[in-house]
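The values are calculated or read from the model by the stated rules, or taken from the named source; none is laboratory data. Keep in mind that this is a model prediction, so the values were computed, not measured. Cβ placement follows ideal geometry from the backbone for every residue including glycine, while neighbour counts extend to all protein chains displayed. SASA here: full protein model, heavy atoms, side chains in, ligands and nucleic acids out. Shrake-Rupley method; radii C 1.70, N 1.55, O 1.52, S 1.80 Å.
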Amino acid sequence: MPGGHGKPTSLTLEERPLRHAHLEAPAAIDTSLSERFAVHPQVLGKIKRLAVRPGFNITAFDVKSADVFRGFASTERCLAIVVLLDCSGSSRMLTPGCNRALEFTYTPDTTILFFARTAVQGEFAVPTGANFRGVEVRLSVDQLSRLDALELFADVDAEHSYCRAANADVWVGGIPTNTLIRAREEAALDAALGSDGTDLEIEIAGLAILTAALEQMRSRGSVLSARQRHLSGKLDRARSVLLEDVARSWTVSDLAEAVGLSERQLKTGFRTRFGAPVYEYLQSARLSKAKTLLADGDLSITDVALTVGYANPSHFAFLFRRTFGIAPSQLARPKR
(Lines give C-alpha, C1' and ligand atoms only; values in the text may rest on other atoms or scores of the structure.)
Protein backbone atom coordinates (compact mmCIF):
# COMPACT_ATOMS: atom_id res chain seq x y z
CA MET A 1 0.00 0.00 0.00
CA PRO A 2 1.19 3.54 -0.60
CA GLY A 3 2.82 5.35 2.25
CA GLY A 4 4.72 2.33 3.59
CA HIS A 5 1.80 0.61 5.34
CA GLY A 6 1.88 -3.15 5.94
CA LYS A 7 -0.01 -5.83 4.08
CA PRO A 8 -3.73 -5.07 3.71
CA THR A 9 -6.11 -7.15 5.82
CA SER A 10 -9.40 -5.75 4.52
CA LEU A 11 -10.87 -3.77 1.64
CA THR A 12 -11.45 -0.03 2.05
CA LEU A 13 -13.74 1.69 -0.44
CA GLU A 14 -14.29 5.43 -0.83
CA GLU A 15 -16.52 6.94 -3.50
CA ARG A 16 -17.50 10.60 -3.48
CA PRO A 17 -17.28 13.87 -5.45
CA LEU A 18 -14.19 16.04 -5.28
CA ARG A 19 -14.58 18.36 -2.31
CA HIS A 20 -14.23 21.42 -4.53
CA ALA A 21 -16.41 20.07 -7.39
CA HIS A 22 -19.81 21.08 -5.94
CA LEU A 23 -21.43 17.83 -7.06
CA GLU A 24 -24.23 16.21 -5.07
CA ALA A 25 -23.16 12.62 -5.85
CA PRO A 26 -20.56 10.68 -7.85
CA ALA A 27 -21.23 10.55 -11.57
CA ALA A 28 -22.77 7.19 -12.45
CA ILE A 29 -20.81 6.00 -15.49
CA ASP A 30 -20.25 2.43 -14.35
CA THR A 31 -21.05 0.05 -11.47
CA SER A 32 -20.54 1.64 -8.04
CA LEU A 33 -17.62 0.38 -5.95
CA SER A 34 -19.88 -0.75 -3.12
CA GLU A 35 -22.01 -2.77 -5.54
CA ARG A 36 -19.01 -4.32 -7.27
CA PHE A 37 -16.96 -5.29 -4.21
CA ALA A 38 -19.34 -5.48 -1.23
CA VAL A 39 -19.51 -9.28 -1.16
CA HIS A 40 -15.96 -10.11 -2.19
CA PRO A 41 -13.85 -10.80 0.94
CA GLN A 42 -11.05 -12.19 -1.23
CA VAL A 43 -10.11 -8.66 -2.37
CA LEU A 44 -7.90 -6.71 0.05
CA GLY A 45 -6.53 -3.18 -0.14
CA LYS A 46 -7.89 0.24 -0.96
CA ILE A 47 -9.90 1.81 -3.79
CA LYS A 48 -10.90 5.46 -4.06
CA ARG A 49 -13.12 6.89 -6.79
CA LEU A 50 -13.68 10.64 -7.08
CA ALA A 51 -16.20 12.36 -9.32
CA VAL A 52 -14.51 15.32 -11.01
CA ARG A 53 -17.66 16.49 -12.80
CA PRO A 54 -20.75 14.78 -14.23
CA GLY A 55 -19.55 11.94 -16.43
CA PHE A 56 -15.90 12.20 -15.35
CA ASN A 57 -14.39 9.97 -12.64
CA ILE A 58 -10.86 9.26 -11.40
CA THR A 59 -10.25 5.98 -9.55
CA ALA A 60 -7.06 4.93 -7.74
CA PHE A 61 -6.65 1.32 -6.63
CA ASP A 62 -4.07 -0.79 -4.82
CA VAL A 63 -5.52 -4.22 -4.10
CA LYS A 64 -4.48 -7.84 -3.72
CA SER A 65 -6.52 -10.99 -4.31
CA ALA A 66 -6.41 -13.38 -1.35
CA ASP A 67 -8.12 -16.00 -3.52
CA VAL A 68 -9.31 -16.39 -7.11
CA PHE A 69 -11.56 -13.39 -7.72
CA ARG A 70 -14.17 -13.29 -10.45
CA GLY A 71 -16.50 -10.33 -10.67
CA PHE A 72 -18.95 -8.53 -12.93
CA ALA A 73 -19.40 -4.88 -13.84
CA SER A 74 -21.28 -2.72 -16.30
CA THR A 75 -20.64 0.64 -17.89
CA GLU A 76 -22.42 3.21 -20.01
CA ARG A 77 -20.96 4.59 -23.25
CA CYS A 78 -17.55 5.90 -22.25
CA LEU A 79 -13.79 6.07 -22.61
CA ALA A 80 -11.78 4.50 -19.78
CA ILE A 81 -8.03 5.08 -19.59
CA VAL A 82 -6.57 2.50 -17.22
CA VAL A 83 -2.90 2.80 -16.26
CA LEU A 84 -1.66 -0.49 -14.79
CA LEU A 85 1.60 -0.86 -12.86
CA ASP A 86 0.98 -4.22 -11.19
CA CYS A 87 -1.69 -6.54 -12.56
CA SER A 88 -2.64 -10.07 -13.52
CA GLY A 89 -5.83 -11.48 -14.93
CA SER A 90 -8.23 -11.02 -17.80
CA SER A 91 -11.58 -9.55 -18.81
CA ARG A 92 -14.51 -10.73 -20.92
CA MET A 93 -17.07 -8.21 -22.16
CA LEU A 94 -20.51 -8.71 -23.64
CA THR A 95 -22.39 -6.13 -25.67
CA PRO A 96 -26.01 -6.17 -26.86
CA GLY A 97 -26.42 -8.12 -30.09
CA CYS A 98 -22.95 -9.71 -29.96
CA ASN A 99 -22.94 -13.43 -29.16
CA ARG A 100 -19.17 -13.65 -28.86
CA ALA A 101 -17.47 -12.11 -25.84
CA LEU A 102 -14.52 -9.79 -26.28
CA GLU A 103 -11.53 -11.04 -24.28
CA PHE A 104 -8.15 -9.56 -23.35
CA THR A 105 -5.42 -10.13 -20.77
CA TYR A 106 -4.04 -7.45 -18.43
CA THR A 107 -0.30 -6.75 -18.72
CA PRO A 108 1.84 -4.59 -16.38
CA ASP A 109 3.28 -1.22 -17.41
CA THR A 110 0.49 -0.80 -19.93
CA THR A 111 -2.09 1.90 -20.46
CA ILE A 112 -5.41 0.43 -21.59
CA LEU A 113 -7.76 2.55 -23.70
CA PHE A 114 -11.27 1.13 -23.46
CA PHE A 115 -13.91 2.78 -25.67
CA ALA A 116 -17.53 1.61 -25.46
CA ARG A 117 -19.93 2.85 -28.11
CA THR A 118 -22.83 1.28 -26.23
CA ALA A 119 -23.59 -0.02 -22.74
CA VAL A 120 -21.39 -2.98 -21.81
CA GLN A 121 -21.49 -5.80 -19.27
CA GLY A 122 -18.15 -7.31 -18.32
CA GLU A 123 -16.68 -10.22 -16.38
CA PHE A 124 -13.17 -10.08 -14.96
CA ALA A 125 -10.97 -12.74 -13.39
CA VAL A 126 -7.98 -12.21 -11.09
CA PRO A 127 -5.81 -15.15 -9.91
CA THR A 128 -4.83 -15.80 -6.29
CA GLY A 129 -2.08 -13.52 -4.99
CA ALA A 130 -2.30 -11.01 -7.83
CA ASN A 131 -1.58 -7.36 -7.12
CA PHE A 132 -3.64 -4.78 -8.95
CA ARG A 133 -2.28 -1.25 -8.72
CA GLY A 134 -3.07 1.70 -10.92
CA VAL A 135 -5.32 4.59 -11.87
CA GLU A 136 -8.39 4.80 -14.08
CA VAL A 137 -9.71 7.96 -15.73
CA ARG A 138 -13.24 7.41 -17.09
CA LEU A 139 -15.28 9.85 -19.18
CA SER A 140 -18.75 9.59 -20.61
CA VAL A 141 -19.12 9.99 -24.37
CA ASP A 142 -20.72 13.40 -23.73
CA GLN A 143 -17.67 14.57 -21.77
CA LEU A 144 -15.35 13.22 -24.45
CA SER A 145 -17.29 15.17 -27.06
CA ARG A 146 -17.04 18.39 -25.00
CA LEU A 147 -13.25 17.94 -25.00
CA ASP A 148 -13.28 17.65 -28.82
CA ALA A 149 -11.73 14.19 -28.43
CA LEU A 150 -14.60 11.95 -29.51
CA GLU A 151 -13.38 12.07 -33.12
CA LEU A 152 -10.18 10.26 -32.07
CA PHE A 153 -12.26 7.14 -31.40
CA ALA A 154 -14.99 7.52 -34.02
CA ASP A 155 -13.39 5.09 -36.49
CA VAL A 156 -11.12 2.93 -34.32
CA ASP A 157 -11.33 -0.77 -35.21
CA ALA A 158 -9.22 -3.93 -35.34
CA GLU A 159 -6.92 -2.33 -37.95
CA HIS A 160 -5.80 0.44 -35.61
CA SER A 161 -2.16 0.10 -34.54
CA TYR A 162 -3.04 0.21 -30.83
CA CYS A 163 -5.87 -2.34 -31.04
CA ARG A 164 -5.89 -5.34 -28.69
CA ALA A 165 -9.49 -6.41 -29.16
CA ALA A 166 -12.49 -4.97 -30.97
CA ASN A 167 -16.02 -5.54 -32.20
CA ALA A 168 -18.72 -3.24 -33.48
CA ASP A 169 -19.48 -1.83 -30.02
CA VAL A 170 -16.21 -1.96 -28.07
CA TRP A 171 -12.60 -1.12 -28.86
CA VAL A 172 -9.71 -1.95 -26.53
CA GLY A 173 -6.31 -0.43 -27.23
CA GLY A 174 -3.03 -0.87 -25.40
CA ILE A 175 -0.05 1.48 -25.31
CA PRO A 176 3.19 1.24 -23.31
CA THR A 177 3.03 3.49 -20.24
CA ASN A 178 5.40 6.36 -21.00
CA THR A 179 7.43 8.33 -18.46
CA LEU A 180 4.90 11.16 -18.16
CA ILE A 181 1.91 8.88 -17.63
CA ARG A 182 3.84 6.78 -15.10
CA ALA A 183 4.86 9.87 -13.09
CA ARG A 184 1.29 11.21 -13.04
CA GLU A 185 -0.05 7.80 -12.05
CA GLU A 186 2.32 7.63 -9.09
CA ALA A 187 1.29 11.14 -8.09
CA ALA A 188 -2.40 10.20 -8.26
CA LEU A 189 -1.84 7.02 -6.22
CA ASP A 190 0.13 8.87 -3.55
CA ALA A 191 -2.46 11.63 -3.30
CA ALA A 192 -5.51 9.35 -3.38
CA LEU A 193 -4.34 6.47 -1.20
CA GLY A 194 -1.75 8.15 1.00
CA SER A 195 -2.48 9.96 4.23
CA ASP A 196 -1.88 13.57 3.24
CA GLY A 197 -2.91 13.93 -0.42
CA THR A 198 -5.47 16.49 -1.55
CA ASP A 199 -8.35 16.27 -3.99
CA LEU A 200 -6.74 18.97 -6.10
CA GLU A 201 -3.57 16.87 -6.48
CA ILE A 202 -5.66 13.89 -7.59
CA GLU A 203 -7.54 15.98 -10.14
CA ILE A 204 -4.33 17.49 -11.56
CA ALA A 205 -2.72 14.06 -11.93
CA GLY A 206 -5.84 12.55 -13.50
CA LEU A 207 -6.13 15.37 -16.02
CA ALA A 208 -2.45 14.97 -16.92
CA ILE A 209 -3.00 11.24 -17.58
CA LEU A 210 -6.01 12.04 -19.75
CA THR A 211 -4.11 14.69 -21.71
CA ALA A 212 -1.07 12.44 -22.28
CA ALA A 213 -3.16 9.45 -23.41
CA LEU A 214 -5.21 11.55 -25.85
CA GLU A 215 -2.01 13.05 -27.22
CA GLN A 216 -0.66 9.55 -27.90
CA MET A 217 -3.84 8.79 -29.81
CA ARG A 218 -3.42 11.97 -31.84
CA SER A 219 0.28 11.65 -32.61
CA ARG A 220 0.95 7.92 -32.86
CA GLY A 221 -2.31 6.05 -33.34
CA SER A 222 -2.83 5.41 -37.01
CA VAL A 223 -4.28 3.06 -39.56
CA LEU A 224 -1.92 0.17 -40.23
CA SER A 225 0.40 0.25 -43.23
CA ALA A 226 0.13 -2.46 -45.91
CA ARG A 227 3.05 -4.31 -44.31
CA GLN A 228 1.46 -4.13 -40.85
CA ARG A 229 -1.87 -5.32 -42.26
CA HIS A 230 -0.08 -8.29 -43.80
CA LEU A 231 1.52 -9.12 -40.44
CA SER A 232 -1.79 -8.65 -38.62
CA GLY A 233 -3.46 -11.04 -41.03
CA LYS A 234 -0.88 -13.72 -40.30
CA LEU A 235 -1.22 -13.16 -36.56
CA ASP A 236 -5.00 -13.50 -36.84
CA ARG A 237 -4.43 -16.70 -38.79
CA ALA A 238 -2.08 -17.96 -36.05
CA ARG A 239 -4.78 -17.42 -33.45
CA SER A 240 -7.35 -19.23 -35.62
CA VAL A 241 -5.02 -22.18 -36.19
CA LEU A 242 -4.34 -22.35 -32.46
CA LEU A 243 -8.03 -22.32 -31.54
CA GLU A 244 -8.94 -24.89 -34.19
CA ASP A 245 -6.74 -27.50 -32.48
CA VAL A 246 -6.28 -26.58 -28.81
CA ALA A 247 -5.44 -30.20 -27.89
CA ARG A 248 -2.26 -30.16 -29.96
CA SER A 249 1.05 -29.69 -28.14
CA TRP A 250 1.87 -26.50 -29.99
CA THR A 251 5.34 -24.98 -29.98
CA VAL A 252 6.09 -21.44 -31.11
CA SER A 253 8.22 -22.92 -33.88
CA ASP A 254 5.37 -25.12 -35.16
CA LEU A 255 2.83 -22.31 -35.11
CA ALA A 256 5.20 -19.82 -36.74
CA GLU A 257 5.92 -22.28 -39.55
CA ALA A 258 2.21 -22.96 -40.03
CA VAL A 259 1.44 -19.30 -40.74
CA GLY A 260 4.67 -18.19 -42.40
CA LEU A 261 6.18 -16.03 -39.66
CA SER A 262 9.51 -16.09 -37.87
CA GLU A 263 9.41 -17.16 -34.23
CA ARG A 264 10.35 -13.62 -33.18
CA GLN A 265 7.59 -12.06 -35.28
CA LEU A 266 5.07 -14.48 -33.83
CA LYS A 267 6.10 -14.09 -30.18
CA THR A 268 6.31 -10.30 -30.27
CA GLY A 269 3.33 -9.71 -32.55
CA PHE A 270 1.00 -12.20 -30.88
CA ARG A 271 1.48 -10.68 -27.43
CA THR A 272 1.04 -7.15 -28.75
CA ARG A 273 -2.09 -7.97 -30.76
CA PHE A 274 -3.86 -10.34 -28.38
CA GLY A 275 -2.54 -9.23 -25.00
CA ALA A 276 -0.92 -12.53 -23.96
CA PRO A 277 1.96 -14.82 -25.00
CA VAL A 278 1.10 -17.74 -27.30
CA TYR A 279 1.13 -20.44 -24.62
CA GLU A 280 -0.80 -18.37 -22.07
CA TYR A 281 -3.44 -17.65 -24.72
CA LEU A 282 -3.60 -21.37 -25.62
CA GLN A 283 -3.99 -22.38 -21.99
CA SER A 284 -6.82 -19.89 -21.51
CA ALA A 285 -8.57 -21.24 -24.63
CA ARG A 286 -8.14 -24.83 -23.43
CA LEU A 287 -9.63 -24.10 -20.03
CA SER A 288 -12.52 -22.10 -21.49
CA LYS A 289 -13.37 -25.00 -23.81
CA ALA A 290 -13.05 -27.42 -20.88
CA LYS A 291 -15.50 -25.34 -18.85
CA THR A 292 -18.05 -25.56 -21.66
CA LEU A 293 -17.57 -29.32 -22.07
CA LEU A 294 -17.93 -29.94 -18.34
CA ALA A 295 -21.14 -27.92 -18.22
CA ASP A 296 -22.52 -29.92 -21.16
CA GLY A 297 -22.06 -33.10 -19.09
CA ASP A 298 -21.36 -35.47 -21.98
CA LEU A 299 -17.75 -36.31 -21.01
CA SER A 300 -15.98 -37.34 -17.83
CA ILE A 301 -13.43 -34.99 -16.26
CA THR A 302 -10.59 -37.19 -17.56
CA ASP A 303 -12.04 -37.19 -21.07
CA VAL A 304 -12.46 -33.41 -20.98
CA ALA A 305 -8.84 -32.99 -19.89
CA LEU A 306 -7.64 -35.18 -22.76
CA THR A 307 -9.94 -33.46 -25.26
CA VAL A 308 -8.44 -30.03 -24.55
CA GLY A 309 -4.82 -31.21 -24.45
CA TYR A 310 -4.01 -32.17 -20.85
CA ALA A 311 -2.66 -35.71 -20.45
CA ASN A 312 -2.51 -35.36 -16.66
CA PRO A 313 -6.02 -34.92 -15.16
CA SER A 314 -4.56 -33.77 -11.82
CA HIS A 315 -2.61 -30.97 -13.49
CA PHE A 316 -5.73 -30.04 -15.45
CA ALA A 317 -7.77 -29.90 -12.24
CA PHE A 318 -5.13 -27.68 -10.59
CA LEU A 319 -5.12 -25.22 -13.51
CA PHE A 320 -8.92 -25.22 -13.71
CA ARG A 321 -9.34 -24.43 -10.02
CA ARG A 322 -6.66 -21.73 -10.12
CA THR A 323 -8.38 -20.05 -13.06
CA PHE A 324 -12.08 -20.40 -12.20
CA GLY A 325 -11.99 -20.79 -8.42
CA ILE A 326 -13.85 -24.12 -8.43
CA ALA A 327 -12.86 -27.74 -9.03
CA PRO A 328 -13.92 -29.39 -12.31
CA SER A 329 -16.06 -31.80 -10.29
CA GLN A 330 -18.15 -28.88 -9.01
CA LEU A 331 -19.09 -27.88 -12.55
CA ALA A 332 -19.41 -31.31 -14.19
CA ARG A 333 -22.98 -32.49 -14.64
CA PRO A 334 -23.65 -36.10 -13.63
CA LYS A 335 -24.41 -38.34 -16.58
CA ARG A 336 -27.98 -39.51 -16.85
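A few remarks follow.
- Within region 244-276, the residues that satisfy the criterion of being assigned to a helix (DSSP H, G or I), open to solvent by less than 70 Å² (accessible area, probe 1.4 Å) and modelled with pLDDT under 90 are 269, 270, 273, 274.
- Residues satisfying the stated conditions in region 131-140, i.e. crowded, with 19+ Cβ neighbours inside 10 Å and not basic (Lys, Arg): 132, 134, 135, 136, 137, 139, 140
- Residue in region 193-206 that is open to solvent by less than 20 Å² (accessible area, probe 1.4 Å), at pLDDT below 95, among the hydroxyl-bearing types (Ser, Thr, Tyr) and under 29 Å from residue 80 (Cβ atoms) present: no
- Tallying residues that are hydroxyl-bearing (Ser, Thr, Tyr) and touching a Leu at 6+ places or on another chain (Cβ under 6 Å) within region 146-181 yields 1.
- In this entry, residue 243 passes the filter for residues that are out of contact with any Leu (no Cβ under 7 Å at 6 or more places or on another chain) and aliphatic (A, V, I, L, M).
- Boolean, residue 280 is in contact (Cβ under 8 Å) with a residue 60 or more places away in the chain, open to solvent by 20 Å² or more (accessible area, probe 1.4 Å) and out of contact with any helix residue (DSSP H, G or I) (no Cβ under 8 Å at 6 or more places or on another chain): yes
- Filter pass, residue 221 being at pLDDT below 95, in a helix (DSSP H, G or I) and either of a type outside the set (Ser, Thr, Tyr) or in contact with a Ser or Thr (Cβ under 8 Å, 6 or more places away or on another chain) (or both): no
- Filter result (open to solvent by 30 Å² or more (accessible area, probe 1.4 Å), more than 19 Å from residue 33 (Cβ to Cβ) and at pLDDT 80 or above) within region 68-107: 77
- Residue match in region 110-128 (condition: over 18 Å from residue 165 (Cβ atoms) and open to solvent by 20 Å² or more (accessible area, probe 1.4 Å)): yes
- Some residue of region 21-43 being touching a Ser or Thr at 6+ places or on another chain (Cβ under 6 Å) and at pLDDT 85 or above: no
- Members of region 283-336 found to be of a type in the set (Val, Ile, Thr), in a helix (DSSP H, G or I) and either without any contact (Cβ under 8 Å) to a residue 40 or more places away in the chain or open to solvent by less than 30 Å² (accessible area, probe 1.4 Å) (or both), listed by number: 292, 301, 302, 304
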